[in-house]
Amino acid sequence: MTDATNVRILDQRTPEERDRPFLPGMGRTWLLPLYDIFTGVAGVRALHERAVERAGIQAGQAVVDVGCGTGNLSFAVLAAQPDARVTGLDPDGAALRRAARKARRRGVPLTLVQGYADRIPAEDASLDHVVSSLALHHVDDDGRVAFARDALRALRPGGRVTVVDFGGPAPDAEDADHPTHGHGPAHTLRHLPRLVRSRVSRSPAVARNLDDGIVALLAKAGFGDAREVEHVDHRFGRVTVVQATRP
Ligand SMILES: C[S@@+](CC[C@H](N)C(=O)[O-])C[C@H]1O[C@@H](n2cnc3c(N)ncnc32)[C@H](O)[C@@H]1O
């Protein structure tokens with residue numbers, strides 16, 4: 001499906017993949033309408049801008065945003081570099097439709113592909129950048145390994161992967177072991193960041209990213225220079241920005 005603003009959604013799933021489960025952005029499909037509100041309040045946009053700045057995308061370069069959800073990292077790429085050629089990849093069709101509506105409203109070109117992180121929609125050695133934000137902890141163990149390998153395949157030599165996600169050293173015991181319990185909506189709202197941080201730090205999905213999990217994942221796939229380039233102490237948890245270059 002393409003339109004005048006050059007926004008299209010392609011379905012790259014195989015028939016078997018149509019029933020393949022995935023962890024949606026808010027953990028539950030029905031919470032999707034709250035995703036942009038929640039991440040807006042949580043200040044996720046600043047994380048996207050940091051990642052895009054680190055990626056250093058140039059005009060005309062081809063970029064795939066893995067686990068793009070409602071498209072916010074893709075839009076940050078296009079805001080910084082309107083002449084980039086951006087494709088967002090996500091298994092969540094409803095999130096992609098939201099991303100497409102937003103792209104049309106903004107009048108920016110965006111290709112959206114319904115599929116999984118382990119099959120990046122690009123020819124071998126054709127991409128300048130693979131970017132991903134807050135998505136890797138949604139991908140299961142096999143999918144993560146396949147993502148790293150496929151990023152290496154799809155990037156040209158010198159092409160770069162930039163991942164921003166919860167990660168780095170495990171959180172301190174206070175956050176992990178003593179979530180705030182309280183009474184009433186006012187109490188809950190006041191302590192929401194701590195409650196979310198506690199949930200994030202206890203999540204088995206996020207645990208895969210901790211202690212340099214993302215760096216190790218990329219290094220094992222063959223990215224020789226995988227490293228954390230910066231981190232952000234977000235109120236919902238430690239966020240790492242990891243980069244690596246295809247040799
Ligand atoms: C927390 S959201 C992040 C969305 C967006 N990148 C952002 O920064 O706002 C995580 C996304 O990962 C997607 N996801 C889950 N499993 C996936 C998989 N196997 N491959 C690619 N994306 C996946 C979800 O559908 C969701 O859109």
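The values are calculated or read from the model by the stated rules, or taken from the named source; none is laboratory data. Everything numeric in this text was worked out from a predicted model, so none of it was measured. All Cβ positions, even for glycine, are placed from backbone atoms using ideal geometry, and neighbour counts span all protein chains on display.
Scan region 111-124 for residues that are touching a residue at least 60 places away in the same chain (Cβ under 8 Å), touching a Lys or Arg at 6+ places or on another chain (Cβ under 8 Å), more than 8 Å from the ligand (Cβ to nearest atom) and not β-branched (Val, Ile, Thr) and jot them down. Please lay out each step first, then the result.
Step one: list which residues in region 111-124 are touching a residue at least 60 places away in the same chain (Cβ under 8 Å), which gives 111-116, 119, 121-122.
From what's left, touching a Lys or Arg at 6+ places or on another chain (Cβ under 8 Å): 111-112, 114-116.
Checking which are more than 8 Å from the ligand (Cβ to nearest atom) leaves us with 111-112, 114.
Correct list: LEU112, GLN114.
When region 210-240 is limited to residues that are within 25 Å of THR39 (Cβ to Cβ) and in contact with a Ser or Thr (Cβ under 7 Å, 6 or more places away or on another chain), the one that is modelled with the lowest pLDDT turns out to be GLY237.
Number of residues in region 127-163 that are at positive phi and assigned to a strand (DSSP E or B): the value is 1. Taken over region 21-32, residues that are within 11 Å of the ligand (Cβ to nearest atom) and surrounded by fewer than 12 Cβ atoms within 10 Å (Cβ to Cβ) amount to 2.
Quick check, is ALA42 over 25 Å from ALA148 (Cβ atoms) and either surrounded by 19 or more Cβ atoms within 10 Å (Cβ to Cβ) or not basic (Lys, Arg) (or both)?
On the way: over 25 Å from ALA148 (Cβ atoms): yes; either surrounded by 19 or more Cβ atoms within 10 Å (Cβ to Cβ) or not basic (Lys, Arg) (or both): yes.
Criteria met by ALA42.
Scanning region 69-89 for residues that are buried (at least 22 other Cβ atoms within 10 Å of the Cβ), out of contact with any Lys or Arg (no Cβ under 8 Å at 6 or more places or on another chain), assigned to a helix (DSSP H, G or I) and among the small types (Gly, Ala, Ser) gives a single hit, SER74.
Report, by residue number, each residue of region 1-19 that is exposed (fewer than 13 other Cβ atoms within 10 Å of the Cβ) and either part of a helix (DSSP H, G or I) or modelled with pLDDT under 95 (or both). Spell out the reasoning first.
First pass over region 1-19, keeping only residues exposed (fewer than 13 other Cβ atoms within 10 Å of the Cβ): 1-4, 14-16, 18-19.
Passing the criteria: MET1, THR2, ASP3, ALA4, PRO15, GLU16, ARG18, ASP19.
Test ARG119 against the stated conditions and say whether it is modelled with pLDDT of 95 or more, buried (at least 17 other Cβ atoms within 10 Å of the Cβ) and assigned to a loop (DSSP other than H, G, I, E, B). Yes: the conditions hold for ARG119.
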